[in-house]
Amino acid sequence: MKIELDPARRQRATAHLQKLFSTEFDEKLSDFRAAEILDLMVRTLGPDIYNQAVQDVRAHLQGKLDDLDGEVYIDPA
């Protein structure tokens, strides 16, 4: 599965990279260079971050399911 950012999020991330490089490294990134760095980061880090998020959600939902009886159980007596 290919991970893609929606246009607004991609624009914000590109602008953030340009600001970071400008303030921290005193280097001006063109839109093209910032987009290339962002693409590299998404390709290399994206799958691991995505998989960790899926695991986190699974654990959270499993905790909710495990507690379901305590939340909705009605004593038949």
How many percent of Cα pairs in the chain exceed 15 Å?
-> 69 percent
Taking the chain and dividing mean pair separation by its residue count, relative contact order in percent (alpha carbons under 8 Å, at least six apart) | 26 percent
Just grab the label-to-label distance for ASP39 and ALA53, each label 7 Å out from Cα along the Cβ direction, in nm (one decimal).
-> 2.1 nm
To the nearest 10 degrees, how steep is helix 31-66 against the longest Cα principal axis of the chain, on a 0 to 90 scale?
-> 10 degrees
Based on the alpha-carbon gyration tensor of segment 27-68 and its eigenvalue square roots a ≥ b ≥ c, which shape applies: rounded if a/c is under 1.5, prolate if not and a/b is larger than b/c, or oblate?
-> prolate
Degrees, to the nearest 10: 7-25 long Cα axis against longest axis of the chain | 60 degrees
Work out how much length PHE21 to ALA77 would gain on full extension: take 0.36 nm times their residue separation and subtract the Cα-Cα distance, in nm to one decimal.
-> 13.4 nm
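Since every read-out is calculated from the coordinates, none of them should be taken as a lab result. Values in this document were obtained by computation on a predicted structure and should not be read as measured data. Quick reminder, even Gly has a Cβ in these numbers, built from the backbone with ideal geometry, and neighbours come from all protein chains shown.
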